[in-house]
1. Taking interchain pairs and intrachain pairs at least six residues apart, which have beta carbon atoms under 8 angstrom, with the first residue in region B:314-330 and more than 18 Å from B:V45 (Cα to Cα) and the second hydroxyl-bearing (S, T, Y) and assigned to a helix (DSSP H, G or I)?
2. Counting just the residues of region B:52-78 that are within 14 Å of another protein chain (Cβ to nearest Cβ) and in contact with a helix residue (DSSP H, G or I) (Cβ under 6 Å, 6 or more places away or on another chain), which one comes out surrounded by the most Cβ atoms within 10 Å (Cβ to Cβ)?
3. Would a scan of region B:416-429 turn up a residue that is touching a residue at least 24 places away in the same chain (Cβ under 8 Å) and either basic (K, R) or within 18 Å of B:M316 (Cα to Cα) (or both)?
4. Look through region A:128-143, keep the residues that are out of contact with any Gly (no Cβ under 6 Å at 6 or more places or on another chain) and either surrounded by 19 or more Cβ atoms within 10 Å (Cβ to Cβ) or not in a helix (DSSP H, G or I) (or both), and return whichever of them is modelled with the lowest pLDDT.
5. So A:V53 ticks every box in (1) part of a loop (DSSP other than H, G, I, E, B); (2) hydrophobic (A, V, I, L, M, F, W, C); (3) closer than 23 Å to B:V182 by Cβ but one. Which box is left unticked?
6. Of all residues in region B:392-408, which are at the interface with chain A (Cβ under 8 Å from one of its Cβ atoms) and out of contact with any Asp or Glu (no Cβ under 8 Å at 6 or more places or on another chain)?
7. It is to be established whether one or more residues within region A:70-79 are outside any helix (DSSP H, G or I) and within 23 Å of the chain's Cα centre (by Cα).
8. Tell me yes or no: at least one residue of region A:36-56 is more than 8 Å from chain B (Cβ to nearest Cβ) and exposed (fewer than 15 other Cβ atoms within 10 Å of the Cβ).
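The values are calculated or read from the model by the stated rules, or taken from the named source; none is laboratory data. Everything quoted here is computed from the prediction, not taken from an experiment. Neighbour counts run over all protein chains shown; Cβ positions are idealised from the backbone, glycine included.
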Amino acid sequence: MTPSRPKGHLAVAAGVLALGVFVLVGAWDLPAGGGYAQVGPGVVPRIVGGGLVLLGALLLREALTGGFRGVDEEAEVHLPMDWAAFAWLGGGILAYGFLVERAGFLLASTLLFIAVARGFASRRWVLNAFVGAAVAGFIFAVFNYGLGLQLPPGVLRGVLP
Amino acid sequence: MDVWAQLASGFAVALTAQNLLWALVGVTLGTAVGVLPGVGPAVTVALLLPITTKVDASGALIMFAGIYYGAMYGGSTTSILLNTPGESATIVTAMEGNQMARRGRAGPALATSAIGSFVAGTLATIGLTFLSPLVVELGLKFGPPEYFALMIVAFTTVSSVLGDSTLRGMASLFLGLAIGLVGIDNQTGQARFAFGVPQLLDGIEVVTIAVGLFAVGETIYAASKLGQAKETLETLRGSVWMKAEDWRRSWKAWIRGTFIGFPFGTIPAGGAEIPTFLSYAVERKLSDRPEEFGKGAIEGVAGPEAANNASSTGAMVPLLTLGLPTSATAAILLSAFQQYGLQPGPLLFEANAALVWGLIASFYVGNVMLLVLNLPMVGLWVKLLEIPKPQLYAGILVFAAMGVYGMRQSPFDVFLLYAVGLGGFVMRRFGFPAAPVIVGMILGPLAEEQMRRALAISQGDPRIFVTHPISAALLALAVLVIVAPWAWRRFGPRARA
């Protein structure tokens, strides 16, 4: 019987390997010598990069010979990937990054709350909007007024005290 | 000054109204995040790191430490009442305690774990009080090569003990080391891996990594992989009090659990997983009713819970005396010290005695508070478990995004957070542990510093690490930690199976 070669495992192992190569290339220009220690800022990056390449290679070997040890791909079949949920969460966080300074903390947070709740299959939009706004308002009150963290008011500038 | 005088001066710090309040806030928050699935002490301390600019060092550190050990108390409530095992250190409690709850004995299970946690936490704090000065004595004799070797030991144990594969643990560790490289080299001022992005020159904040891996990654995983999984919450009926029979069966297990857990916490062996399993095995062996194990034996909750707590307090010994974190939360506590320009280690006990001993004294106070919070008031925390998953995780992410954005008012950090969260999701999916990443990114730069100092002493001769006997022994130990399990599998008695 040929050993199974889970594609995900191969990709992750290749990713570790690629990261190692990336670190090694980045370390190339950094001076390795100099100073009393004769160990410059480039030495540790070379060790880390080399280590990642080695670990990536070992992971690749595991992936090619039946998959990572102790990761049960049979069990994964029963946990299918819910891409819609994945997209709702990603969309919510990225939208937050775009909106937090343009629309303000309160609106961005409320939208994030609704998106995440939707990712967990909650369709009670109105309830989630209210709860989200309440949570955002609570955080704004505690951190902005209480602890002096500057959170952007956005479109509500002038409306908020 | 002897230990008693130091401890007395510590209580003088811990018992001020202000610090009592910080301790109370810390243990309350700690219990809450311990109870709530999807958020843990590492994320909470990370999100609260910005308050270090507003609050004095002793107040903030007392609160952070309270979150750390408070979460241990709260975590057991969840593992008893909910049938999903939370963090790995509470898996055993989840097995035995959930069985008790299903048989209508949730009250005694919660009580034995709260009282056991108190007994273990207090005994372990006594251990911390008397052991720390001895380790400090030892630590003062250490030079850079010894510290470097000690950090290497911590690296290897954290990555080989946490999680179930040394190889994946090491990969996580090296990922953390790589993240720790980003920014300006603090000895030469050379920029490394910043690619001209100004936000990267200051290095990547531990907040972004911890929150990304533990909160965002976990949430993405919970939504897209576990969305359909059914959870059953056991109800808490009747009194939480234990009968005489329960006391008789519990107290020895608490003491034994403490003596198993504390030593494991103090050596840099990473995590409370091993001592809890060990304690469970011991209790099962010594019990006069081994047939009850697996069906809700109270000793099986009492022992492992005590071991869990004792080891988390024990982990304060290497953190405070040597500056060695052995878990993700301890690593973030270390970075909280760094926010104040403090470096835990033997010198801290001399230069900031009031702060360190105040912190140690606050452990005694905090454990008493936790006993009250988790026994008479346990019903309140059970309510937290009734928050439905969509709203719970939505709230967690709103906090997470706020904390990461608010750190330096930068939307860039929010996008970075999402990228780290995706990484955390992939790691979770393929069984890579997250804690070594945090330990690597915080301890990595310190290890590099010690290594370069040691090589400056020897004028570049790397043999300094093996000619110093302590450092040589520690490095040999580190090699053993990595090689021994592999050699055992390959050449051990069952190698041919």
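1. B:G314/B:T266; B:V317/B:S132; B:V317/B:T266; B:P318/B:T266; B:T321/B:S132; B:L322/B:Y147
2. If we filter region B:52-78 for residues that are within 14 Å of another protein chain (Cβ to nearest Cβ), which is where we start, we get B:52-55, B:59-60, B:63.
Next, only the ones that are in contact with a helix residue (DSSP H, G or I) (Cβ under 6 Å, 6 or more places away or on another chain) stay: B:52, B:59-60, B:63.
Details: B:T52: 19, B:G59: 23, B:A60: 23, B:M63: 29.
Checked region B:52-78; the qualifying residue surrounded by the most Cβ atoms within 10 Å (Cβ to Cβ) is B:M63.
3. yes
4. Initial filter on region A:128-143 (out of contact with any Gly (no Cβ under 6 Å at 6 or more places or on another chain)): A:128-134, A:136-143.
Filter once more, so that each one left must be either surrounded by 19 or more Cβ atoms within 10 Å (Cβ to Cβ) or not in a helix (DSSP H, G or I) (or both): A:128, A:131-132, A:136, A:139-140, A:143.
Working: A:N128: 93, A:V131: 94, A:G132: 94, A:A136: 93, A:I139: 90, A:F140: 88, A:F143: 82.
Step by step, filter region A:128-143, then rank; the result is A:F143.
5. Every listed condition holds for A:V53 apart from (1).
6. B:Y393, B:A394, B:G395, B:L397, B:V398, B:F399, B:A401, B:M402, B:G406
7. yes
8. no
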